[in-house]
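Everything on this sheet refers to the single structure shown next.
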Amino acid sequence: MSDYYAVIGNPVAHSKSPLIHGEFSRQTGQDMRYEKILAPIGEFPTVVTEFRQHGGKGLNVTVPFKLEAFRISTHHTERADAARAVNTLVLEDEAILGDNTDGAGLVRDITANLKFSLTGKRVLLIGAGGAARGVIMPLLEYEPSILAVANRTQEKAYELQQRFSSSGNVVAIDYADLHGEQFDLVINATSASLNGELPPLPAGVFAAESLAYDMMYGNRDTPFLQFAALQGVTHFSDGVGMLVEQAAESFFLWRGVRPRTDTVIEMLRSHA
Ligand code: ATR
């Protein structure tokens, strides 16, 4: 029987992961099947145990279970520890390895696909929830000159500054203090785009050559990207490349084979 994998979430019906992993397994000739599992709220650990009893080898974890996935893992990668969130589980014989491939997916999309060099650049990350936490450590590995974090609830940005104080130059900044500050890369890691909202960014944060990156996918016309376009920005991206790259990292973790991502990103863009 083929090895069994799934994405688990609530809701999960919209997930593109089965399509992406289906393409990866076809392309690499891996004998595996990949499904969607809707876990009722409060029953995540039970559903994972049942999946494992049915021979499940690995899971992608999506909203709202990334913290619970962190908690049920018996050991974590360093990047999952830093994020305090897990999006990939490897179900080993006795143990459960928790990893977080979101940040690696983001930096791979930015550096390899969009050809934007992070080193020495001024980066502004907006948001301080799970999505933002997951990408800080991988961004720092590329040594930006500054990684500023702005959040509507300021304390959360200050908590992140403290948490990462030993590992680099993470600086919490209030939205109101962004006036007069300019960044080479602005990443929207808030959930504002999901609700058609725009975080309170001042106009001057973008330079003409800046890259505006919205981690939301499936819509290249978010309020954040529209706002950047109005400021004259010509380099933008939604999060579809990140989505495919984080999936590729999970696939590599499970199967030891790195799939091609460009054709899959292209496929998703043409279906959007
Ligand atoms: P996720 O796991 O997707 O990061 P989350 O933990 O609920 O979800 O975090 C959502 C993030 O989006 C938070 O940083 C939130 O700001 P607050 O901490 O102040 O709640 C941010 N956010 C959501 N809507 C926003 C809006 N309209 N403007 C600015 N920030 C917003």
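None of the figures in this text is laboratory data; all of them are computed from the coordinates on show. Being a predicted model, the structure only gives us computed values, none of them experimental. We place every Cβ from the backbone using ideal geometry, glycine too, and count neighbours over all the protein chains shown.
Details
- Relative contact order [Cα under 8 Å, 6+ residues apart], the chain, whole percent: 16 percent
- Under-5 Å amide H pairs with Ile96, H placed in peptide plane, nonlocal only: Thr74, His75
- Sequence-ordered 3J(HN,Hα) estimates for the range 24-41 from the Karplus curve with 6.51, -1.76 and 1.60 and θ = phi - 60° stand at 4, 6, 4, 5, 9, x, 7, 8, 8, 10, 9, 10, 9, 10, 8, 9, x, 4 Hz, glycine and proline given as x.
- Segment Leu198-Leu19, extension gain: residue separation times 0.36 nm, minus the distance between their alpha carbons: 61.4 nm
- Label positions at Asn219 and Arg71, each projected 7 Å from the Cα along the C-beta direction, are separated by 3.1 nm.
- Overall form of the range 1-70 per C-alpha gyration tensor (a/c, 1.5; a/b vs b/c): oblate
- Taking the Cα centre of the range 103-240 as origin and assigning +1 to Lys and Arg Cβ atoms and -1 to Asp and Glu Cβ atoms, the resulting dipole is close to 220 debye.
- Among 243-249, 62-68, the order from most to least packed when residues are scored by Cβ within 10 Å on average: 243-249, 62-68
- Restricting attention to the range 3-100, close to 35% of DSSP beta bridges with both partner residues there are antiparallel.
- Beta-bridge orientation, the range 82-151: approximately 45 percent antiparallel, per DSSP, counting only bridges with both partners inside.
- Summary value for the range 103-240: 21 percent relative contact order, contacts being C-alpha pairs under 8 angstrom separated by 6+ residues.
- Karplus-derived 3J(HN,Hα) values for the range 112-124, using 6.51 cos²θ - 1.76 cosθ + 1.60 with θ = phi - 60°, are 7, 7, 8, 6, 9, 8, 7, 4, x, 8, 8, 10, 10 Hz; glycine and proline are entered as x.
- Interatomic Cα distance distribution for the chain, bins of 10 angstrom, percent: 7, 30, 35, 21, 6, 1, 0
- Value of relative contact order over the range 69-126, rounded to a whole percent, pairs C-alpha under 8 Å and six or more apart: 28 percent
- Cα centroid separation, the range 169-248 to the range 70-120 (Å): 22 Å
- Under 5 Å from the amide H of His235 lie the amide H atoms of Ala212, each residue being 5 or more positions distant or on a separate chain, with H modelled from the backbone and absent for Pro and chain starts.
- Relative to the longest principal axis of the Cα atoms of the chain, the long axis of helix 154-163 makes an angle of roughly 70 degrees.
- Summarising the amide proton neighbourhood of Thr101: residues at separation of 5 or more, or on other chains, whose placed amide H is nearer than 5 Å comprise Asn87, Thr88.
- Prolate/oblate/rounded label for the range 131-272 (Cα gyration tensor, a/c 1.5): oblate
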